[in-house]
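Okay, so here's the structure we're looking at.
The values are calculated or read from the model by the stated rules, or taken from the named source; none is laboratory data. What you see is a predicted model; the values in this text were computed from it and never measured. Here the Cβ positions follow ideal geometry from the backbone for every residue, glycine too, while neighbour counts run over all protein chains shown.
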Amino acid sequence: MSRKEPALELAGVTCGYDGRAVVHEAALSLAPGEFVGLAGPNGCGKTTLLRAASGVLPPRVGAVRLFGRDLYRDLAPRDVAKALAVVSQDLPVDFSFTIEEVVLMGRTPHLSWFGWESRADLEVARKAMADAEIAELADRAITEVSGGERQRAFLAMALAQEPKVLLLDEPTSHLDLHHQVTALSRLDRLRRRDGLAVLAVMHDLNLAAEFCDRIVLMRAGRLLADGPTSQVLTEGRLAELFSEPVRVIENPATGRPHVMLARGRGAGG
Amino acid sequence: MTSRRWMRTRALVALSALLALVATGALFVGTVWVPPGELLAGGLGGTLGLRASRVAIGIVVGAALSAAGVIFQAVLRNPLAEPYVLGVSSGAGLGAAVTILSGAVALWVWALPAGAFVGGLLTMVLVYRLARVGARVPVHSLLLAGVAVGAVIGSVLMFLVSTASVEGGGSLRSIVWWLLGSLQITDLTLLAVVGGAVLVGVVLAFVLARDLNVMVLGEEPAAHLGLSVERTKLVFFALGSLLTGVSVAACGLIGFVGLIVPHTMRMILGPDHRTLLPCAALAGAVFIVVADTIARTALAGVGTELPIGVVTALMGGPFFIALLRRQRRVTWS
Amino acid sequence: MKNGIPGPETSGPGIFVSPSLGPEGIRLATTHERRRLWAAAGTVTTLLALAAAMLASNLLGDRPVPSSGSRLRIVSLSPNITEIVFALGAGQDLVGVTTACDYPPEARRLARAGGFGSPDAEAILALKPQLVVGSGPGMDVLPAVELLRRREVPVCILSEASFGDLFLAIRRLGDLTGRVEAAARLTASLSERLAAVERRFRDVPEGKRPRVYVEIWMQPLISVGASSFVTELVRRAGGISITADLPGDYPQVSPEVVVARDPSVIVLTHGGGSATAASVGRRVGWARVTAVREMRVIADLLPDLILRPGPRLVEGVEELSRRLYAEVAP
């Protein structure tokens, strides 16, 4: 695997539902170790793009490549799952598995056909739970924990797959301020330590600005901008994208771009 | 983790012991009181053999329906699903009715089970085809198709029953008796075939049980975890339908087992299907053997038997009421 | 009384009460159900046509029943009634029978007015009958019979629960058709034949008489109970039905009961491949039953001889008795 080869690549991907395209000619490349944020207004196709990238929505046009190999044509779901993991926005859970059992499900692509976990698998699961900081809740039922804890459990499940690429759909949407920062810091740490390529759909631009090396902006199914955070998050571009005037300053505490409202309470309309 | 494994072993042992106890007890009890000495002296050629065959098929059918219930509840992600929800039972019922009314039963001993099985199989294929949307078979689509096909076939069946009722006393009673379920199986070869098929089916389901755990998370998460979701669904659908079809073919429609037993076992043992499946199978066997024993002894005074479907319904109804009340108390406390 | 024919309100003690059809109906299912099945689509059309016809006849009003001179116009609702009428020599008075009426052969040439247990009121009315006769439990409450009564067609439903009822029916039909001497001769001859049969086994103590299990149906097991004439038939043939104490006429019986009561003779009345003498022996748990061990399973008795409560019932008694007291088959 050459250093130049992207971990995940979307090439001219057009995909959608019921014959209607939602994402048009998307081209995106994710390198190992990168933390890329994907942002845009509601309904612009972020989740659809993520689904195409994760292997569950075959594109009508174009290709998705995982380490150079076509994800849909050349790889079986098992092979994909060994290298790519997804943390969804929220999984409705009716069945009361314990957190440990859920995390162990992350080992599915690595298990033999007979499907019993070995001691090594248990080790991986324990490490994943520790990384996600949920080890102390291992024996609790997943139906009994809070939303934030559930999210950490699913993160642990994804990490148990020992992926090289991690896709997240709004990983901080249910969390309070402290946990938002903690969650993203955790992700950041992990990807630096293990060389994970991370692509996260983010709705909070400031959090994205803090933690992502690169931001990709999307509108109406098309990728508008793709580049280093400070270059992409400009006032003009953001105002046009969200139809809302903003000001972008430098966060004095962190040195990263910070997006502020330009129109507050006093403004009518 | 070890605690769960420990629990599984204990549950399996306890259930096996219970099954052995109940099955043995069932041999000594029945419509007619036969003193144990005489019973044993008669050997398998007499009343003992009669009861033994019923206990045997009861174990087989109880295990099959419970396993099928577990499978469908997982694949459909609905803890109230049961083996008959996808229309296999209606199709088998129609197959049985057609076989009885056409007189084929007089020609061939296996006509009835064969007719029922073919009916169930064709319905299964029909439902699956109807539910397919492109390359995928969405779960809600399966449910809708199953209910719809079941309703249509059910109405045809009722039509046949209504036109048959006026003239054919025996045919009508055959159909009704079949619709209520009965463990009266006279052919040992049939018992062996059904038993073998169910054993293979349950073992296969057990081997694949982990995939059921993953399926329960949802289809997309399962796909993300590396499962070939459509293929897995097809395999489990076929497995569940075959288990159901074979049971229904042999013993008619025995209701409630496929719903109550998996549900109860899940409440007690948790949702891990590697534990749930074998335990539900054993528990289902116990349930049916007990129900059959009641069916055989309740009307002993008049020399006849209750249809087992009536007994399972009578056992199942109050059970569910109790469940509901318990749940209400829990939510409001 | 109208035209010399007694109306239903003066019918004798022949009104049954139990709501099930006789065993013949059960057996007939195997042959006639086939036709029913293949005509399923046609039935819907027929029903629609019936509805239209009923509507039409309601609009046209009642037709008067013409007096036909000496010949009576009788419609039979049951095969046994048909046989009795023919046996009395009044066959030419029959204008309509059921699809199940197959004996004597002349009966087959008569017009069909519905099935056994499902009379076709319209067809019956079209035959302009002066008397409609049927027998068996359940007949009285059939909608078609209700309809006929409302149209003031004389309907007579006789009981068939015993041999006594059979003789009563013969005499009644003799009265109705004006064949009183024929009826008396017939009953006398039948009684004589029954007495002759009884003489053969009179000296055999009851405890030594063959225990007989009569199987009406196999799935589920249906046998004959206390209220059925078949139980009496077995008794008159010199046997004892092992299910004689079970309540009802054709009760569903548990195989355990049959096996425990260990009949020495089994009579199958629903022949065919699925229930032969050999196949009974293969049933689980039946191997040690005396009838099976001694190979006394009778599957070739013509079912109509023992299930149809007509004059041939006595022939059934004779046949069965002959088999019960024949030498044990090698």
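Note on the range C:175-289: enclosed helices (runs of 4 or more DSSP H) holding 3 or more residues that are within 11 Å of chain B (Cβ to nearest Cβ) are C:255-261, C:277-282.
Every test in (1) at positive phi; (2) within 14 Å of the chain's Cα centre (by Cα) is passed by A:Leu184 save one, and that test is (1).
What number goes with the only condition from (1) farther than 14 Å from B:Gly284 by Cα; (2) surrounded by fewer than 22 Cβ atoms within 10 Å (Cβ to Cβ); (3) in contact with a Leu (Cβ under 9 Å, 6 or more places away or on another chain) that B:Leu15 does not pass? The number of the failed condition is (1). I'm checking my understanding of the structure. Among residues of the range B:264-287 that are of a type in the set (Gly, Ala, Ser) and assigned to a helix (DSSP H, G or I), which one is surrounded by the fewest Cβ atoms within 10 Å (Cβ to Cβ)? Among those residues, the one meeting the criterion is B:Ala283. In the range A:129-169, which residue that is surrounded by fewer than 20 Cβ atoms within 10 Å (Cβ to Cβ) and among the acidic types (Asp, Glu) is nearest to A:Ala52 (Cα to Cα)? Here the answer is A:Glu162. Step by step: first the residues of the range B:105-121, then only those that are among the aromatic types (Phe, Trp, Tyr) and within 12 Å of another protein chain (Cβ to nearest Cβ), then the one that is nearest to the chain's Cα centre (by Cα). Which residue is that? Per the stated criteria, the residue is B:Trp110. None of B:Ser102, B:Ser53 is within 12 Å of chain C (Cβ to nearest Cβ), without any contact (Cβ under 8 Å) to a residue 12 or more places away in the chain and of a type in the set (Ser, Thr, Tyr) except B:Ser102.
Could you look through the range B:149-181, keep only residues that are over 21 Å from the mean Cα position of the chain (by Cα), modelled with pLDDT of 80 or more and of a type in the set (A, V, I, L, M, F, W, C), and pick out the one that is surrounded by the most Cβ atoms within 10 Å (Cβ to Cβ)? Out of the qualifying residues, it is B:Leu160. With respect to (1) crowded, with 23+ Cβ neighbours inside 10 Å; (2) on the phi < 0 side of the Ramachandran plot; (3) not in a helix (DSSP H, G or I), the lone exception for B:Gly255 is condition (1). Only residues that are over 21 Å from A:Thr182 (Cα atoms) and part of a helix (DSSP H, G or I) were counted in the range A:105-134, giving 10. Listed conditions (1) within 14 Å of chain C (Cβ to nearest Cβ); (2) among the β-branched types (Val, Ile, Thr); (3) part of a helix (DSSP H, G or I); (4) surrounded by 22 or more Cβ atoms within 10 Å (Cβ to Cβ) are all met by B:Thr31, apart from (3). For the range A:155-186, a residue qualifies if it is touching a residue at least 40 places away in the same chain (Cβ under 8 Å) and in contact with a Ser or Thr (Cβ under 7 Å, 6 or more places away or on another chain), and the qualifying residues are A:Leu167, A:Asp169. The criterion of at least 1 residues that are among the acidic types (Asp, Glu) and surrounded by 16 or more Cβ atoms within 10 Å (Cβ to Cβ) is met by the following helices (runs of 4 or more DSSP H) wholly inside the range B:182-234: B:209-216, B:219-224. Checking each residue in the range A:135-150 for being in a helix (DSSP H, G or I), touching a helix residue (DSSP H, G or I) at 6+ places or on another chain (Cβ under 7 Å) and of a type in the set (Asp, Glu) picks out only A:Glu149.
Being touching a Cys at 6+ places or on another chain (Cβ under 6 Å) and more than 12 Å from chain A (Cβ to nearest Cβ), is that true of even one residue in the range B:192-207? There is no residue in the range B:192-207 that is touching a Cys at 6+ places or on another chain (Cβ under 6 Å) and more than 12 Å from chain A (Cβ to nearest Cβ). Within the range B:77-93, the set of residues being surrounded by fewer than 24 Cβ atoms within 10 Å (Cβ to Cβ) and more than 14 Å from chain A (Cβ to nearest Cβ) comprises B:Val85 only. Scanning the range B:234-265 for residues that are touching a helix residue (DSSP H, G or I) at 6+ places or on another chain (Cβ under 6 Å) and more than 27 Å from B:Ala295 (Cα to Cα) returns B:Phe236, B:Leu239. Scanning the range C:101-144 for residues that are among the aliphatic types (A, V, I, L, M), buried (at least 22 other Cβ atoms within 10 Å of the Cβ) and within 18 Å of the chain's Cα centre (by Cα) returns C:Ala113, C:Val132, C:Val133, C:Met139. The sole residue among C:Pro220, C:Pro255 that is at pLDDT 90 or above and closer than 19 Å to B:Ser53 by Cβ is C:Pro255. Among the residues of the range C:221-231, are any surrounded by fewer than 18 Cβ atoms within 10 Å (Cβ to Cβ) and more than 30 Å from C:Leu131 (Cα to Cα)? Yes, there is a match, as at least one residue in the range C:221-231 is surrounded by fewer than 18 Cβ atoms within 10 Å (Cβ to Cβ) and more than 30 Å from C:Leu131 (Cα to Cα). Starting from residues that are within 14 Å of another protein chain (Cβ to nearest Cβ) and buried (at least 19 other Cβ atoms within 10 Å of the Cβ), keep the ones in the range A:43-55 and report whichever is farthest from A:Lys164 (Cα to Cα). So the residue we want is A:Thr48. Might you let me know whether the range B:297-312 holds any residue that is assigned to a helix (DSSP H, G or I), more than 14 Å from chain A (Cβ to nearest Cβ), aliphatic (A, V, I, L, M) and crowded, with 24+ Cβ neighbours inside 10 Å? Yes, because at least one residue in the range B:297-312 is assigned to a helix (DSSP H, G or I), more than 14 Å from chain A (Cβ to nearest Cβ), aliphatic (A, V, I, L, M) and crowded, with 24+ Cβ neighbours inside 10 Å.
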